[in-house]
1. Per residue and in Å³, how big is the convex hull formed by the alpha-carbon atoms of region 138-230?
2. Rounded to the nearest 0.05, what FRET efficiency is calculated for T500 and A391 with R0 set to 35 Å and r the Cβ-Cβ distance?
3. Can you give the alpha-carbon Rg of region 103-149 over 2.2 N^0.38 Å, where N counts its residues?
4. Measure out, as a whole number of angstrom, how far apart the alpha-carbon centroids of region 87-130 and region 347-382 sit.
5. With every protein chain present, what is the per residue accessible area of region 103-177 (1.4 Å probe, Å²)?
6. Between Rg and the Kirkwood Rh of region 202-347, both from Cα atoms, what is the Rg to Rh ratio?
7. Sequence-distant or interchain residues sharing an amide H contact under 5 Å with Q211, placed H: which?
8. What Kirkwood hydrodynamic radius, in Å, does region 268-366 give when the mean of 1/r is taken over all pairs of distinct Cα atoms and then inverted?
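The values are calculated or read from the model by the stated rules, or taken from the named source; none is laboratory data. Here the structure is a predicted model, which is why all the values come from computation and not from measurement. Note that we place each Cβ from the backbone using ideal geometry, even for glycine, and neighbour counts take in every protein chain shown. Heavy atoms of the whole protein, side chains included, go into the accessibility calculation; ligands, DNA and RNA do not. Shrake-Rupley method; radii C 1.70, N 1.55, O 1.52, S 1.80 Å.
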Amino acid sequence: MLLMRLNTSRITSIIFFYRKFMRTHNGRCSLERLALRASATITLAALLFVSSADIAFAATRYWVGKNNTAADYTRWESLSNWSATSGGATGATIPTAADIAIFDSKGGRNAEIRSNVSVLGLVITSSSTGSILQGTGRLAIGTSGWRVGSGRFIGGNAPIALSGSYTQTGGIVTGLMHTLAVSGSLSITKVGTYSTFTSTGTIVLDGNADQNFTVGANVTKSFKNLTIRNVGTGTSDDIVVDVNGGLFLSGALTITQGNLDLSTNDMALVTDRGITLADSSDASLTTDSNVTASGTILVNDAATITVTAGTWTLNDRGDQDVDLDGQSLYNLTINNNGGGTDDDIVIAGGTLAVSNDLVVTLGNLDLVTNALSLDVNDDVTIAGTAQATLAGGTMNIGGDLTLNTNGSFSQNTGTATFDGTSQTISGSLVFLNLTKDTATSDTLTFSTSDSITVSNSITLYGSAGSTLSIRSSVAGTRWNLQAPSTQTVAGVDVKDSRVTNSSNSMVCKSRCVDSGNNLNWVLFATATTTTTSDGSTGGTSGSGGGGRRSGSGGGGTTSTTKATTEKKVETKAKATPDAKGGPEVKTKTKVQSKAAERKAARAAKVAPAKSKAATRAAARRNAKK
């Protein structure tokens, strides 16, 4: 309702002008005079209307619920239920889009919305004891926002659009079965005895600047679907989440535009019906905490996810499609409870990249269906249950690979490359192709409890000037290898190893060291000198197992001394003079961790473009300085 106040001096001036105008034209013919008078009258009416409308102001309307007609007892649309003052006389106009509707302790009966309603603001005070029933009518609330301190609001199957903020400090808001669209911030806290919020529809955050999604302690809350549709420009499109205990969605998360910020307050996320990021460069998600997701996960090409810590757990109860667009997670756990053959996590959209650990506890991680690669910077672990399986092709692993008893691992295409440092391979693993190629001296350890099978080709290679040490997990106990015929082996130091298929002995052709207790290995040193007990030269004999060769002549005991030319690799560093005036001493360089080493190597090849989320974070840091 607009209450009009007329500016007296302005109206007086208009009337004076009208009278003077008519006197000036008094000598004209009667017909012309009538036409001029009519025109001036219309102009006067229009000016009066504009003058009064320009200075309109909003009204406040209080619900009193005093209609005595049975059919209209609770009708929002009844004049007899509204007053201009709290508990005052009835008959005030029904609140409109320019008015604020207030429900307080003097509200009388409950209110029922039976048609579409628009108000500037809606206030349910902390003293209110009544209820508002939405029914099927749409509710539009303007920029003054919606405040709930007590009482009840029972939603319906109709949308609610809020141009301002939603603030609840008490009371019960429930039954929101349709959409609740909020352009401002959303805050639910507990100040009084109770504060309850239940949405079984979709909450849409659709502002044009940063928004906060806050839920305090001791609030009873339930959210189903959440849609982010913030159209803010630049970095002013963040929805900063601060929900006590984490954000739990029994439905789906959809980001069409804007950035869902779970990092600022280290928020965990749980969603039961999937995550979708639209094909927009303005659709992004940032997180440094745990994310647990059932349902389909789809990150479209232009969207961005930034995951700097925490574990993503995929825990559906059936087959789950996951398309991360080749973007990296931090830790990933597969925990699909589907059982039988309904437990496949099918990866799509690009390489499955994990910057820390991958763990398969239940379900089948399927990289074969879409012929995609696996790239894990640290450890890969497959649990000891028949329902824990990994089916892959090309894979790069920077840490340990562990297959526990009863788990399953298969690699039918591509090559498994171990590109970290100090790695261990454990379990009855079958590889198509296996490669360990190191530029600096390193150790690759194999578990003694199981046998490793490589069916097509194996590469164990220490580059010139470095040594790849092959070791058993238990000193003095051999580890077992079923080797392929295609081999590339050089620059290795082998100890405690047995090749179980003697027809394919492992042959190291250069820069080889036999450290003992090996079977069916042929290890060639750089230079070999053979001596016998009677001084004659006999055949060559390798030390330890399959590296042995029998010679002719001599008849005495034959011993072999291996003179292997070794080249030490030193990190190039700036030389500094000795403090005592002696020769220069080279400074040692600290060895990087395997994750840092791989990261640096990749950065040297290609410097990745910054994501929008990274640019946003940098902009904020600079703004705070």
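1. Details: hull volume 7.6 nm³, N = 93.
Dividing the Cα hull volume of region 138-230 by its residues yields 82 Å³.
2. On the way: r = 25 Å, r/R0 = 0.71.
Approximately 0.90, to the nearest 0.05.
3. On the way: Rg = 10.8 Å, N = 47, 2.2 N^0.38 = 9.5 Å.
Ratio of Cα Rg to 2.2 N^0.38 Å: 1.14.
4. About 56 Å separates the Cα centre of region 87-130 from the one of region 347-382.
5. Values: 2830 Å² over 75 residues.
Accessible surface, normalised per residue, equals 38 Å².
6. Working: Rg = 14.7 Å, Rh = 15.3 Å.
For region 202-347, the value is 0.96.
7. Counting only residues 5 or more places away or on other chains, the set is D238, I239, V240.
8. Working: mean 1/r = 0.0754 Å⁻¹.
Mean inverse Cα-Cα distance, inverted, gives 13.3 Å.
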